[in-house]
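Peer 1: Handing you this structure, nothing more for now.
The values are calculated or read from the model by the stated rules, or taken from the named source; none is laboratory data. Here the structure is a predicted model, which means the values were calculated and not measured. We place every Cβ from the backbone using ideal geometry, glycine too, and count neighbours over all the protein chains shown. Remember, those area values only see protein heavy atoms, side chains included, never the ligands or the DNA or RNA. Shrake-Rupley method; radii C 1.70, N 1.55, O 1.52, S 1.80 Å.
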Amino acid sequence: MHLIRRLTTRTARALARQPSLVTRSRFFFSSRVTEDTDEDFQPKHKTQGSPSVKTEEIEFDTDMNVDALHAKLAGVVKEYEIVLFMKGSPAVPMCGYSRLLAETLKYYQIPEFAYVNVLSSDQLRTEIKKFSDWPTFPQLYVGGELIGGSDIVMELHKDDTLKDILKNDN
């Protein structure tokens, strides 16, 4: 600590004796951009982001019985064109695979979709697995049908068939 204080004091004294050191440094480290500046150092203009996506969270009561829960799940899948059962939300995913599916929907510029945060209840998470007969999350439903998890959706994306599936239902 003493050494730092001593160095700082010496620097301050040197600057006081030669104020030209301070003004000279402004020229050496100038942020001015001229026409002959290499394009790597030119200011970059940010591109417009993807269009905003409207998402709707579907919430479930934690004290629902199993039959009522299955009925509500069937209603949600039928009512909304695209439903994503995921960990967290599209804005704050709690799992990398859930983030991947949410970003995939944004990539295809899906203007709106519903999602269910499966971490909100252990009963909900268990019953969704039974309802869909699918063991993992996330799960993507399009047009009332289970498309699959992130691995299947990514395969469909690579095969260029996901675009058709998503666009036909929107």
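Peer 1: What are the pairs, 6+ residues apart or on separate chains, where a residue within the stretch 109-124 that is more than 14 Å from residue 59 (Cα to Cα) has its Cβ under 7 Å from a residue that is open to solvent by 20 Å² or more (accessible area, probe 1.4 Å) and acidic (Asp, Glu)?
Peer 2: From the stretch 109-124, no pairs qualify.
Peer 1: OK, next. Taking into account only those residues within the stretch 148-170 that are more than 21 Å from the chain's Cα centre (by Cα) and surrounded by 12 or more Cβ atoms within 10 Å (Cβ to Cβ), which is farthest from residue 129 (Cα to Cα)?
Peer 2: 170
Peer 1: How many residues does the stretch 104-118 hold that are open to solvent by 20 Å² or more (accessible area, probe 1.4 Å) and either polar (S, T, N, Q) or modelled with pLDDT of 95 or more (or both)?
Peer 2: 3
Peer 1: While we're here: Going by the conditions given, is residue 148 within 25 Å of residue 60 (Cβ to Cβ) and touching a helix residue (DSSP H, G or I) at 6+ places or on another chain (Cβ under 7 Å)?
Peer 2: For residue 148, the condition - within 25 Å of residue 60 (Cβ to Cβ) and touching a helix residue (DSSP H, G or I) at 6+ places or on another chain (Cβ under 7 Å) - is not met.
Peer 1: In this structure, is residue 140 at negative phi and in a helix (DSSP H, G or I)?
Peer 2: Spelling it out, it is not the case that residue 140 is at negative phi and in a helix (DSSP H, G or I).
Peer 1: A further question on this structure: Within the stretch 148-160, restricting attention to residues that are among the small types (Gly, Ala, Ser) and touching a residue at least 24 places away in the same chain (Cβ under 8 Å), which residue is nearest to residue 107 (Cα to Cα)?
Peer 2: Applying the filter and picking the extreme gives 150.
Peer 1: Between residues in the stretch 135-147 that are closer than 14 Å to residue 73 by Cβ and free of Cβ contacts under 8 Å to residues at least 60 places away in the same chain and residues that are open to solvent by less than 40 Å² (accessible area, probe 1.4 Å) and in a loop (DSSP other than H, G, I, E, B), which pairs lie under 9 Å by C-beta distance while being six or more apart or on different chains?
Peer 2: Listed pairs, sorted by first residue: 137/95; 137/149; 139/149.
Peer 1: Continuing with this model, one more query. Residue 50 - would you say it is touching a Lys or Arg at 6+ places or on another chain (Cβ under 8 Å) and at pLDDT 95 or above?
Peer 2: For residue 50, the condition - touching a Lys or Arg at 6+ places or on another chain (Cβ under 8 Å) and at pLDDT 95 or above - is not met.
Peer 1: Sticking with this structure for a sec: Go through the stretch 69-103 residue by residue and tally those that are open to solvent by 40 Å² or more (accessible area, probe 1.4 Å), more than 23 Å from residue 156 (Cα to Cα) and among the aliphatic types (A, V, I, L, M).
Peer 2: Residues that pass the stated criteria total 5.
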